[in-house]
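Q: My questions will all concern the structure given below.
Where a number appears in this text, it was derived from the coordinates with a stated rule and is not lab data. If you're wondering where the values come from, they're calculated on a predicted model, not measured in any experiment. Cβ placement follows ideal geometry from the backbone for every residue including glycine, while neighbour counts extend to all protein chains displayed.
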Amino acid sequence: MTKKIAVYPGSFDPITFGHLDIINRALKIFDEVIIAVARNERKSPLFSVDERVELIKSVIKDSDRARVDTFDGLLVDYARSCRAQAIVRGLRAISDFEYELQMAQINRGISREVETVFLMTSVFYSFLSSSIVKEVYSLQGPIDGLVPPLVKKALDDKFKK
Ligand code: PNS
């Protein structure tokens with residue numbers, strides 16, 4: 001039987017428990033999940049691509065069906081090069097919907113070989129994003145419970161606490 005492969009793309013700046021929730025749930029549906037860190041994002045990231053990849057590798061180390069990679073250029077081209085049948089995205093709230101719908105439709109316009117599959121974020125993480133983590137952290141708020149301890153340490157190291 002054909003192996004079911006999904007690409008889970010994003011900035012992951014840094015990875016949060018919300019991302020991990022989506023990865024773990026995607027692993028119940030797909031045989032392999034490739035967590036793909038975008039190299040050509042227009043946002044100015046806090047962590048370099050290599051730092052983000054290393055953080056993700058450290059937190060998913062127990063899974064033999066999830067791997068981390070980076071990609072440049074069009075997501076659908078990357079997904080096709082991985083022989084992935086699907087792109088997985090997490091949906092947190094209605095506010096995510098418009099952008100995600102647009103992205104899914106553009107991607108489907110480029111290639112009908114790759115479907116976008118949305119997983120609704122668990123209620124517990126519905127407010128959570130990498131940006132929120134960085135903001136709370138920068139204001140000295142608590143982020144334990146939002147990111148794995150390794151990510152908290154990486155933030156501490158970045159800001160030399
Ligand atoms: O975590 P993010 O920042 O919401 O991820 C956005 C990402 C990386 C998935 C998106 O920007 C993307 O797919 N970039 C690759 C370029 C591309 O294929 N663009 C066309 C679809 S919008």
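Q: What's the number of the condition LEU146 fails, among (1) farther than 30 Å from LYS4 by Cα; (2) more than 11 Å from the ligand (Cβ to nearest atom)?
A: The number of the failed condition is (1).
Q: Separate question: Scan the range 1-16 residue by residue and report those that are in contact with a strand residue (DSSP E or B) (Cβ under 8 Å, 6 or more places away or on another chain), more than 16 Å from the ligand (Cβ to nearest atom) and not in a strand (DSSP E or B).
A: First, pick out the residues of the range 1-16 that are in contact with a strand residue (DSSP E or B) (Cβ under 8 Å, 6 or more places away or on another chain): 3-12, 14-16.
Filter once more, keeping what is more than 16 Å from the ligand (Cβ to nearest atom): 3-5.
Within the range 1-16, LYS3, LYS4 meet the criteria.
Q: Mind listing whichever residues of the range 102-131 are over 19 Å from LEU27 (Cβ atoms), more than 10 Å from the ligand (Cβ to nearest atom), within 17 Å of the chain's Cα centre (by Cα) and surrounded by fewer than 19 Cβ atoms within 10 Å (Cβ to Cβ)?
A: SER126, PHE127, listed by residue number.
Q: Hey, another quick one. Within the range 76-95, can you find the residues that are under 21 Å from SER129 (Cα atoms) and either in contact with a His (Cβ under 9 Å, 6 or more places away or on another chain) or within 9 Å of the ligand (Cβ to nearest atom) (or both)?
A: Quick first cut of the range 76-95, residues under 21 Å from SER129 (Cα atoms) only: 87-95.
Selection gives ILE87, ARG89, GLY90.
Q: Scan the range 25-43 for residues that are in contact (Cβ under 8 Å) with a residue 12 or more places away in the chain and either part of a helix (DSSP H, G or I) or among the basic types (Lys, Arg) (or both) and jot them down.
A: We begin by selecting, within the range 25-43, every residue in contact (Cβ under 8 Å) with a residue 12 or more places away in the chain; these are 25-27, 29-41, 43.
Correct list: ARG25, ALA26, LEU27, ILE29, ARG39, LYS43.
Q: Does the range 69-88 hold any residues that are under 29 Å from LYS153 (Cα atoms) and either buried (at least 19 other Cβ atoms within 10 Å of the Cβ) or of a type in the set (Gly, Ala, Ser) (or both), and which are they? So that I can check it myself, show each step before the final result.
A: Going through the range 69-88, the residues under 29 Å from LYS153 (Cα atoms) turn out to be 69-72, 88.
Once the filter is applied, which keeps residues that are under 29 Å from LYS153 (Cα atoms) and either buried (at least 19 other Cβ atoms within 10 Å of the Cβ) or of a type in the set (Gly, Ala, Ser) (or both), the range 69-88 yields PHE71, VAL88.
Q: Look at SER138 and say whether it is surrounded by 14 or more Cβ atoms within 10 Å (Cβ to Cβ), of a type in the set (S, T, N, Q) and under 20 Å from SER11 (Cβ atoms). Lay out the reasoning, then the answer.
A: Values: surrounded by 14 or more Cβ atoms within 10 Å (Cβ to Cβ): no; of a type in the set (S, T, N, Q): yes; under 20 Å from SER11 (Cβ atoms): yes.
For SER138, the condition - surrounded by 14 or more Cβ atoms within 10 Å (Cβ to Cβ), of a type in the set (S, T, N, Q) and under 20 Å from SER11 (Cβ atoms) - is not met.
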